[in-house]
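Since the structure comes first, as structure tokens, the remarks are kept for the end.
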Amino acid sequence: SNSYRTSLSDADEQPSKAKRGGRQLSFDWDALTLSTKKSLALGVVLMLFGVLLEIAFLSYIFTGADDQSVLDALSSSSLKKIGRETQNVLGVFGAVVSQVFVYRWFGIASLVLPLIPFMVGWKLFFGSELLPMIRTTKEVLFYTLWGSTLLGYAVFMSHTEPSLSFLSGGFGYAVNAF
């Protein structure tokens, strides 16, 4: 029997997803789309995460030396005991995160890194960019690496590694020691 049929393109007539052994090899990108409520919630979480990272990093500048020995005992002591001894404003979380980012990785240049999750959260929550997202992310990453390297040079040349190595972090020091 004849029935009305709309014209289909060749792409609509062919299966668009490759199959191997009966299984689809595609990814459902629509599943990543956030509803408005999820977008707002994720935006708030990312902005809060950025602010907490910044607080932890700033606190590390003043309390990092005190937390160093406490974090060294992390594997042998209880978390509750370490939490009481930690001087970082955000407790063990702040001490561990700032130890990794500031001491081991990028030094005080890490202070600009929390801007990235904050800006992503801002865009998700308010629907507009606080700053140009791609350009700012590139600049934050560049200046983090450059700042760490520059401070590593200053620390290395002034022979103040024992007392000021946190300024450059492990990355800045390693680049200049090489």
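Less than 14 Å Cβ to Cβ from residue 46, Lys/Arg counted +1 and Asp/Glu -1: what total charge do the surrounding residues give?
0
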Förster-model FRET efficiency, 25 Å R0, residue 154 and residue 85, C-beta, rounded to 0.05: 0.20
For a label point 7 Å along the Cα-to-beta-carbon line of residue 45, residues of region 90-104 with backbone N under 19 Å: 93-94
Under Karplus coefficients 6.51, -1.76 and 1.60, residue-wise ³J(HN,Hα) of region 105-122 in Hz, glycine/proline x: 9, 10, x, 6, 5, 5, 4, 8, 4, x, 4, 5, x, 5, 5, 5, x, 4
Positive minus negative residues near residue 119 (Lys, Arg vs Asp, Glu; Cβ under 13 Å): 0
Net charge, residue 60 excluded, C-beta distance under 14 Å - Lys, Arg +1, Asp, Glu -1: -2
Under Karplus coefficients 6.51, -1.76 and 1.60, residue-wise ³J(HN,Hα) of region 93-99 in Hz, glycine/proline x: 4, x, 5, 5, 4, 6, 4
Qualifying GluC sites (Glu not before Pro) in region 76-178, DSSP loop, other Cβ atoms within 10 Å at most 15: 129
Region 141-160 versus region 48-116: alpha-carbon centroid distance in Å: 20
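Ignoring ligands, DNA and RNA, what percent of the 1.4 Å accessible area of region 132-178 is carbon and sulfur?
Carbon plus sulfur share of accessible area: 75 percent.
The values are calculated or read from the model by the stated rules, or taken from the named source; none is laboratory data. Since this is a predicted model, take the numbers as computed values, not measurements. Positions of Cβ are backbone-derived with ideal geometry, glycine not excepted, and every protein chain shown enters the neighbour counts. For accessibility, only protein heavy atoms count, side chains too; no ligands or nucleic acids. Shrake-Rupley method; radii C 1.70, N 1.55, O 1.52, S 1.80 Å.
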